[in-house]
1. From the list 109, 99, pick out the single residue that is open to solvent by 10 Å² or more (accessible area, probe 1.4 Å) and under 22 Å from residue 158 (Cβ atoms).
2. Kindly state which helices (runs of 4 or more DSSP H) lie completely within region 68-180 and contain at least 1 residues that are without any contact (Cβ under 8 Å) to a residue 24 or more places away in the chain.
3. Regarding residue 93, is this residue more than 21 Å from residue 141 (Cβ to Cβ), open to solvent by 10 Å² or more (accessible area, probe 1.4 Å) and modelled with pLDDT of 95 or more?
4. Identify all residues within region 143-163 that are under 22 Å from residue 33 (Cα atoms) and out of contact with any strand residue (DSSP E or B) (no Cβ under 6 Å at 6 or more places or on another chain); write none if there are none.
5. Suppose we filter 150, 145 for residues that are closer than 18 Å to residue 76 by Cβ and at pLDDT 95 or above; which single one remains?
6. Scan (1) charged (D, E, K, R); (2) at pLDDT below 50; (3) open to solvent by less than 20 Å² (accessible area, probe 1.4 Å) for the single condition residue 71 breaks and write down its number.
7. Any residue that is under 13 Å from the mean Cα position of the chain (by Cα) and either of a type in the set (Gly, Ala, Ser) or more than 25 Å from residue 46 (Cβ to Cβ) (or both) - is there at least one of those in region 106-117?
Amino acid sequence: MKIKLLPLLLLLALAVTGCSGAGATTQGAQTLDSFTAQTLDGGTFTEDDIAAKDLTVMNFWMTTCRPCISEMPDIAEFEKALPENVQLVTVCLFGEEDTREVQGVVDATGYTGTTLLSGDGDFQTLCDAIQATPTTVFVNSEGQIVGDPIIGAQEDFSGTMLEAMNTILTDEGKAAIELD
């Protein structure tokens, strides 16, 4: 009986916290110095877009990850409330395989910000290092991955992200932010 419950408990744990693997890392991806990423709307996003902001928040998700999709409305609301010196972008891993499905999720959840689908260079290295979704990483204006990644869906997305962002910003000698 105990052996039969273990797989069920593991599935329940993944459903509540995140998808794929037991953890996430950015090992092997310490900077985003040189890359080009394609956006869902057909544009590009590069290291210049990161350099233009004090801090870039990158939320990695997949269309097959229920916790990822369930936190997307919170991400949409959070992204709209950010001040000009910081930005949040989402990265749909394997999203280039079915852009219609990605667009459907984005539209249904109200997210209007930038969604990255694929890319090269340091961006691809970072995508390859992500072992679980959702995972959120932080990148400073110099392209360095800073702070600790946040793994799994967050019950208080705004509070968790704001605390992490303000810790990073103040550690880098920049002013803490408030949401609009």
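1. 109
2. 99-109, 157-171
3. So residue 93 fits the description; yes.
4. Scanning region 143-163 gives a single hit, 148.
5. After applying the criteria, what remains is 150.
6. (2) is the only condition that residue 71 fails.
7. Checked against the condition, which is being under 13 Å from the mean Cα position of the chain (by Cα) and either of a type in the set (Gly, Ala, Ser) or more than 25 Å from residue 46 (Cβ to Cβ) (or both), region 106-117 yields at least one hit.
The values are calculated or read from the model by the stated rules, or taken from the named source; none is laboratory data. As the structure is a prediction and not an experimental result, all values here were calculated from the model. No Cβ is skipped: glycine too gets one built from the backbone with ideal geometry, and neighbour counts run over all protein chains shown. Each accessible area value is taken on the protein alone, full model and side chains, heavy atoms only, with ligands, DNA and RNA left out. Shrake-Rupley method; radii C 1.70, N 1.55, O 1.52, S 1.80 Å.
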